[in-house]
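Q: I'd like to ask you about the structure that follows.
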Amino acid sequence: MDSIFSLISPELLVFAFAVTVIAGIVKGAVGFAMPLIMISGMGVLLDPKLVIAAIILPIVVSNFLQVAKAGFGEAVEALKEYKLYVLLTCVMILITSQFVKVVSADTMLLGLGVVVTALCLVQLSGLKIVIPPERRPIASVIAGLASGILGGFAGTWGPTTVLYLVAVETPKARQFVVQGVVYGLGSVMLLAGHLKSGILNQHTVSFSLVMLVPAVLGMWIGFKIHDRINQAVFRKATLWVLLIAGVNLVRRGLLG
């Protein structure tokens, strides 16, 4: 257990704490982007495999807290309302993850990043993309399949989930809990997958456990911010975070 911390200087540990607090604040405020911020930030100075191990438990716990904040009754209602989207996303993640070697992850990340960035820029420019009620059932199928495929191949289904929820005009409170449900189910899969892969093991789990402290602290601060912002501000903040996520996906797709 101590061998991991023997490889991480106190300065690096403080750096990892700071990045994780910021990730928690954003996650608590808008409901997503914790993995993006932790991987992008910590990956600058730490080994990528160690970073992946570090994010696993914070992701699982943060999504549990996100659902708990809204109430598990709300989570059940959200799951019922968006059951088709959630089901398709999870099933496609399981299926397409088995064929991840067929398509380059960098290609998938680049394609996703370009689409997300373009759509965010369009909406932030003032053109609001809204899917009318009569087209939402087919939209949930398309979005669920797309999210699951991208999740299985590229390991990220957050941006497409947010774009879908924004486009169907999901209220702030419901969007927050739906994201928690979708990401929570995905994070459990991530935990199981990396227990099997060996990324999360008896050595690296200690680092992931330590990162729970700044993650929960950041979430607490983020929840305070979330409670103070209205629907319009929440939507704009979500789009800005999503735009940053899209640009980062393009960067990862181009640079690997």
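The values are calculated or read from the model by the stated rules, or taken from the named source; none is laboratory data. These numbers come from a predicted model, not from an experiment. Cβ placement follows ideal geometry from the backbone for every residue including glycine, while neighbour counts extend to all protein chains displayed. When the accessible area is computed, the model is the full protein with side chains, heavy atoms only, and any ligands, DNA or RNA have been set aside. Shrake-Rupley method; radii C 1.70, N 1.55, O 1.52, S 1.80 Å.
Q: What is the one condition in (1) over 17 Å from the mean Cα position of the chain (by Cα); (2) closer than 17 Å to residue 116 by Cβ; (3) open to solvent by 50 Å² or more (accessible area, probe 1.4 Å); (4) β-branched (Val, Ile, Thr) that residue 213 does not satisfy?
A: Residue 213 satisfies all of (1) over 17 Å from the mean Cα position of the chain (by Cα); (2) closer than 17 Å to residue 116 by Cβ; (3) open to solvent by 50 Å² or more (accessible area, probe 1.4 Å); (4) β-branched (Val, Ile, Thr) except (2).
Q: On to the next question. Taking interchain pairs and intrachain pairs at least six residues apart, which have beta carbon atoms under 9 angstrom, with the first residue in region 206-234 and closer than 21 Å to residue 5 by Cβ and the second open to solvent by 70 Å² or more (accessible area, probe 1.4 Å) and among the charged types (D, E, K, R)?
A: 206/2
Q: Tell me which helices (runs of 4 or more DSSP H) are completely within region 9-120 and hold 2 or more residues being open to solvent by 50 Å² or more (accessible area, probe 1.4 Å), within 23 Å of residue 139 (Cβ to Cβ) and at pLDDT 80 or above, or say none if there are none.
A: Details: elements: 10-30, 34-42, 48-70, 72-81, 83-96.
It comes to 72-81, 83-96.
Q: Can you give me the number of residues within region 154-174 that are open to solvent by less than 30 Å² (accessible area, probe 1.4 Å) and assigned to a helix (DSSP H, G or I)?
A: 11
Q: Next question. Tell me the residue from 246, 256 that is at positive phi and either of a type in the set (D, E, K, R) or at pLDDT below 85 (or both), please.
A: Details: 246 fails: at positive phi.
Every option except 256 fails the conditions.
Q: Within region 178-256, considering only helices (runs of 4 or more DSSP H) that don't extend past its boundaries, which have at least 3 residues that are under 15 Å from residue 26 (Cβ atoms)? Quick ask: steps written out before the conclusion?
A: Values: elements: 205-210, 212-228, 231-255.
Output list reads 212-228, 231-255.
Q: Scan region 237-254 for residues that are among the β-branched types (Val, Ile, Thr) and open to solvent by less than 10 Å² (accessible area, probe 1.4 Å) and report the count.
A: Counting residues in region 237-254 that are among the β-branched types (Val, Ile, Thr) and open to solvent by less than 10 Å² (accessible area, probe 1.4 Å) gives 1.
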